[in-house]
Amino acid sequence: MAETHGSTAMSATGTTGGTATTTRLLEVEGLSSAYGPVRALDGVSLSAEAGRITAVLGANGAGKTTLLRTISGLVRPVAGRVVLDGEDITKASVESMVGRGMAHVPEGRGVIAELTVDENLRVGALFRGKVGKDEFDRVYDLFPRIAERRNNAAHTLSGGERQMLVIGRALLAKPRVLLLDEPSLGLAPRIVAQIFGLLRQLVDAEGLSVLLVEQNARSALSVADVGVVLNLGRVVVTDSASTLMGDEDLRHAYLGF
Amino acid sequence: MDYFVNVTITGLTQGIIYSAFALALVLIWRSTRIVNFAQGSMAAATTFIALALIQAGQSYWVALVVALVSGFVLGALVERVIIRPVEGGPELNAVIVTLGLFVAIQALIAIIFGSSFQSFPTPFGVRGFQVGGSTIPLTPTSLYVIGSVLITMALLVALFRFTRVGLAMRASAFSQEVARLLGVKVGGMLTLGWGLAAVVGSLSGLLIAGGGFVYPAYMDSLIVFGFVAAIIGGLDSPVGAIVGGLILGLALSYVNGYVERGSALVSVAALVILIVVLLVRPGGLFSSTTARRA
Ligand SMILES: Nc1ncnc2c1ncn2[C@@H]1O[C@H](COP(=O)(O)OP(=O)(O)O)[C@@H](O)[C@H]1O
Ligand SMILES: [Mg+2]
């Protein structure tokens, strides 16, 4: 699995040594964002590689959501750049991101409650023009539970079903990079394991790159290849998931388990 | 019994015009959370455009089409130029902007078209059909009113339900941020939504004018009843707007027809109905606040 990355645990800047053999699909360089006087991100650098799950961990308020929102343009950074597959997308419009191959499932899941399950999926495929029925069927095969409810209003779904719906909707965009903001929040451990297992399969089978934001560090590290720990808007450490898992001090200090 | 039927038909014909005006308000409220106080004077402006064409010798139908198209352009322009800067900001800003626009457009109408009463034609007769020897108040014009509103509503339903752009508009209306993340060009959808709403508003203005007189403030009572209808229906629900308009039209017609000196009480009755509905169901009859919260 993940080769050992260069940095030692607890290094202050937290950038990895990087390897030449993998493709860095998404690169974040010195990204800083602020809400008025509140600086929520402070010089964050990280990369996400094809075929890898990169977990971004940290306590509530660490800046995880702000990181994803800045990457997809919902928040404009005060410094730094975001590079997707070699192209600088720091100033690109939010609407253009899916077309560039990056899908973002926001915090709180982003189900459009008033639309039906099927309509939610169709909105996700709108920007691609005509999309064959087989692609929708594939999502429904992946998540049989939402297939049964395809004509129900999305607000009738349970939390787990909603999460399946938004992941399925993001997959319909055929992304190369998938940003997920706290998918496990409020879900039963069994459902979390199921969704993470499926994510792993997709990543391994299709070379998708996932940036997985989680407060639930234990579950996230169990499925991720690489972990990036954020604290107060800065990267504290970047290392392989197994190394982070084994670092008891770090776990106690920043990951809460 | 005959009298009851007559009063009912009158109520439905008026009510469906309130429905159309209310629908215009609801379409805008749903997509931008803005109450468009300028809807009435925007509609009045397009009616005056139609009147100018008719006075210049054009047919009613040409004038109708031009008025609806200019309604669309006006609505889209208002959103792009005037509303966009205050969208997403404090709610009071948008209220003040649309109120200001209401006054400004009404003044502009008076300057351009004058403030005298001018008669506005209707393409069909206003004499009631004969049923079993007696005349009922169902006229060719009222059939035209009801029919044109129903066709417009059916077209809107088809747009929203069965087309890709309709789906994109609904997604944008319910959740702008999610829609943007899914690649929907939300700004364009809002412009389109304002344009379509203004078309529906213009239609209501043309219909209420038909066979009567127009002057810069001729829409004022329709504005009041249209707002009441929209709020009765829940402001969020197109079906609510339609039902709200019909309920209000019927109720006011019964007050007018059965209560002594009822015609003087119509406005008061509208307010009483509004208050009663809001006391029983604060969100309106068709509010979907429970669905939205999820
Ligand atoms: N819309 C906002 N306005 C002001 N401050 C915000 C906003 N969103 C987040 N913050 C602040 O930015 C910091 C990072 O928040 P966030 O990115 O949501 O963290 P996380 O997702 O890790 O919990 C916190 O201090 C939070 O209070
Ligand atoms: Mg968060």
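The values are calculated or read from the model by the stated rules, or taken from the named source; none is laboratory data. Nothing here was measured: the structure is a model prediction, and the numbers come from that model. All Cβ positions, even for glycine, are placed from backbone atoms using ideal geometry, and neighbour counts span all protein chains on display.
Assorted remarks:
- Annotation for segment B:192-202: no member residue is within 9 Å of another protein chain (Cβ to nearest Cβ), of a type outside the set (A, V, I, L, M, F, W, C) and either without any contact (Cβ under 8 Å) to a residue 12 or more places away in the chain or closer than 24 Å to B:Ala43 by Cβ (or both).
- Condition met for A:Val75 (at pLDDT 95 or above, within 16 Å of ligand 2 (Cβ to nearest atom) and over 18 Å from A:Ile167 (Cβ atoms)): yes
- Flag if A:Val139 is at pLDDT 95 or above, part of a loop (DSSP other than H, G, I, E, B), more than 7 Å from every other protein chain (Cβ to nearest Cβ) and under 24 Å from A:Gln194 (Cβ atoms): no
- Exactly one residue out of A:Gly168, A:Gly227, A:Gly160 is in a helix (DSSP H, G or I) and more than 14 Å from every other protein chain (Cβ to nearest Cβ), and it is A:Gly160.
- Looking across segment B:30-62 at every residue that is over 30 Å from B:Gly89 (Cβ atoms) and aromatic (Phe, Trp, Tyr), the one that is nearest to the chain's Cα centre (by Cα) is identified as B:Phe48.
- Of all the numbered requirements in (1) surrounded by fewer than 23 Cβ atoms within 10 Å (Cβ to Cβ); (2) within 16 Å of ligand 2 (Cβ to nearest atom); (3) over 25 Å from A:Glu29 (Cα atoms), A:Arg200 misses one, and that requirement is (2).
- Of the residues making up segment A:47-72, those that are in contact with a Leu (Cβ under 7 Å, 6 or more places away or on another chain), within 16 Å of ligand 2 (Cβ to nearest atom) and among the aliphatic types (A, V, I, L, M) are A:Ala55, A:Val56, A:Leu57, A:Ala62, A:Leu67, A:Leu68, A:Ile71.
- When A:Val123, A:Val44, A:Val94 are checked against the criterion of being within 16 Å of ligand 2 (Cβ to nearest atom) and more than 20 Å from A:Leu198 (Cα to Cα), A:Val44 stands alone in meeting it.
- Candidates A:Ala193, A:Ala173, filtered to the one that is more than 16 Å from ligand 1 (Cβ to nearest atom) and either more than 26 Å from A:Phe257 (Cβ to Cβ) or not small (Gly, Ala, Ser) (or both): A:Ala173
- Flag if A:Ser209 is within 16 Å of ligand 2 (Cβ to nearest atom), of a type in the set (Ser, Thr, Tyr) and within 14 Å of the chain's Cα centre (by Cα): no
- The residue pairs whose first member lies in segment A:53-66 and is more than 6 Å from ligand 1 (Cβ to nearest atom), whose second member is part of a loop (DSSP other than H, G, I, E, B) and modelled with pLDDT of 95 or more, and whose beta carbons are closer than 6 Å, counting only pairs six or more residues apart or on different chains, are A:Ile53/A:Ala224; A:Ile53/A:Asp225; A:Ala55/A:Ala224.
- The set of residues in segment A:98-130 being more than 7 Å from chain B (Cβ to nearest Cβ), without any contact (Cβ under 8 Å) to a residue 60 or more places away in the chain and at negative phi consists of A:Arg100, A:Val111, A:Thr116, A:Val117, A:Asp118, A:Asn120, A:Leu121, A:Ala125, A:Arg128, A:Lys130.
- Scanning segment A:16-38 for residues that are within 12 Å of ligand 1 (Cβ to nearest atom) and either at pLDDT below 95 or on the phi > 0 side of the Ramachandran plot (or both) turns up A:Gly36, A:Pro37, A:Val38.
- Candidates B:Gly40, B:Gly100 - the one that is small (Gly, Ala, Ser) and crowded, with 16+ Cβ neighbours inside 10 Å: B:Gly40
- Exclusive hit being touching an Asp or Glu at 6+ places or on another chain (Cβ under 9 Å), among the aliphatic types (A, V, I, L, M) and part of a helix (DSSP H, G or I), set B:Ala63, B:Ala94, B:Ala50: B:Ala94
- Scanning segment A:242-255 finds one or more residues that are more than 14 Å from chain B (Cβ to nearest Cβ), within 16 Å of ligand 2 (Cβ to nearest atom) and either within 16 Å of A:Thr65 (Cα to Cα) or not in a strand (DSSP E or B) (or both).
- Checking the stated criteria, B:Gly188 turns out to be without any contact (Cβ under 8 Å) to a residue 40 or more places away in the chain and under 30 Å from A:Thr70 (Cα atoms).
- If only residues of segment A:77-97 that are charged (D, E, K, R) and away from chain B (no Cβ under 14 Å) are counted, the one that is surrounded by the most Cβ atoms within 10 Å (Cβ to Cβ) is A:Asp85.
- Screening segment B:168-268 for helices (runs of 4 or more DSSP H) wholly inside it with 1 or more residues that are more than 22 Å from the chain's Cα centre (by Cα) and within 30 Å of A:Gly124 (Cβ to Cβ) returns the ranges B:176-181, B:186-209.
- Filtered by the rule that a residue be out of contact with any strand residue (DSSP E or B) (no Cβ under 6 Å at 6 or more places or on another chain), more than 16 Å from ligand 2 (Cβ to nearest atom) and free of Cβ contacts under 8 Å to residues at least 40 places away in the same chain, segment A:24-41 gives A:Gly36, A:Pro37.
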